[in-house]
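We did not get these values from a lab; they are worked out from the coordinates using the rules stated. The shown structure was predicted, so the numbers you read here are calculated from the model rather than taken from an experiment. FYI the Cβ positions are ideal-geometry reconstructions off the backbone, even for glycines, and counts take in every protein chain you see.
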Amino acid sequence: MLQDELSNAGGIFQEGMMYLEHMSQDGKLITGQNPWSTWAVAEAMISEMGYNLKNRVVTDEELAVDVLTIYKKYGKEKAKHKIKEYIIDEGQAFKRLLVAKHSIVAAMNGEIGSFVDLVGLVAYAKKCESR
C-alpha cells in the first residue's frame, strides 16, 4: 500500500476524516487523501506555483463536505448553524444527498448516533430550503 511504502521511507502519514476533505503539504509536496480534497489540493498547488487563485463558485457538494467536517469536529448543533448560514442567510444550494449518503455509511459502520444525527441534518436542511 502506498501509505506503508511512504511510511517505511520516512514519510509521516496524516490521516483525515473518512470520505472528507484532507490536504497535506510539506514544502512543495502536496497531497490529498480522497476525491473531496481535489479543490484544496488544486488551490494549494496553484498558490505554491506563485499564482493568485481566481474567484470561483463553491459547489453545493463542497458546502456539504464543509457541514460534514463541522459535524465531525464540533457536533450537530454547529453543523445545523452552518446549514442555516448557507441556505437561509446566504441563499446557497446545499447537497443534502451527500449528507444522506454519509448517514448510510455511519449506519453500516454501526455508528447509530451519527446515523440519527446526519438524518436529522438532512431533514433540517430540507426545512431550511422550504423557507
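Using amide H atoms built 1.01 Å from N in the peptide plane, name the residues 5+ places from Gln92, or on other chains, whose amide H lies under 5 Å from its own.
Amide H neighbours of Gln92, under 5 Å, 5+ apart: Ile87.
Could you give me the radius of gyration and the Dmax of the range 17-131, taking only the C-alpha atoms into account and expressing both in angstrom?
For the range 17-131, the Cα radius of gyration and maximum Cα-Cα distance read 15.5, 46 Å.
Any chance you could check the Cα centroid distance between the range 11-40 and the range 101-131 for me, in angstrom?
25 Å
Lys and Arg at +1, Asp and Glu at -1: add these up for the other residues within a Cβ distance under 15 Å of Ser7 and post the number. List each step's numbers first, then the result.
Values: positive: none; negative: Asp4, Glu5, Glu15, Asp26.
Every neighbour counted, the sum reads -4.
Run the reach check for Lys127 against aspartates and glutamates, Cα to Cα strictly under 18 Å, same-chain hits fewer than 8 apart removed. What comes back?
Asp60, Glu77, Glu85, Asp89, Glu90, Asp117
Using alpha carbons only, how many degrees (0 to 90, rounded to 10) separate the axis of helix 96-108 from the longest principal axis of the chain?
With rounding to tens, the tilt is 80 degrees.
Build a GNM of the chain with springs between Cα atoms under 10 Å: which of Phe115, Phe94, Phe13 gets the top mean-square fluctuation?
Looking only at Phe115, Phe94, Phe13, the largest GNM fluctuation is found for Phe13.
If we count GluC sites (Glu not before Pro) as exposed when they sit in a DSSP loop and have at most 15 other beta carbons within 10 Å, what is the longest stretch of the chain that avoids them all? Can you show the working numbers first?
Working: sites that count: Glu15, Glu90, Glu111.
Excluding the exposed sites themselves, the longest stretch runs over 16-89.
Using alpha carbons only, how many degrees (0 to 90, rounded to 10) separate the axis of helix 38-48 from the longest principal axis of the chain?
Helix 38-48 and the main axis of the chain meet at about 50 degrees.
Out of Lys95, Lys78, Lys54, any idea which swings most in a Gaussian network model of the chain, alpha carbons joined below 10 Å?
Looking only at Lys95, Lys78, Lys54, the largest GNM fluctuation is found for Lys54.
If the elastic network links every pair of Cα atoms under 10 Å, which of Ile12, Ile87, Ile30 fluctuates the most in the Gaussian network model of the chain?
Most flexible of the set in this elastic network: Ile12.
If the cut-off is a Cα-Cα distance under 16 Å, which aspartates and glutamates reach Lys28, setting aside same-chain residues fewer than 8 apart in sequence?
Qualifying aspartates and glutamates at Cα under 16 Å: Glu43, Glu48.
What is the local net charge at Val65, summed over the other residues whose Cβ is closer than 11 Å to its Cβ (Lys, Arg +1; Asp, Glu -1)? Could the numbers behind the result be given before it?
On the way: positive: Lys72, Lys95; negative: Glu21, Asp60, Glu61, Glu62, Asp66.
Local net charge: -3.
Net charge within 10 Å of Gly120 by Cβ-Cβ distance, Lys/Arg positive one each and Asp/Glu negative one each, not counting Gly120 itself?
+1
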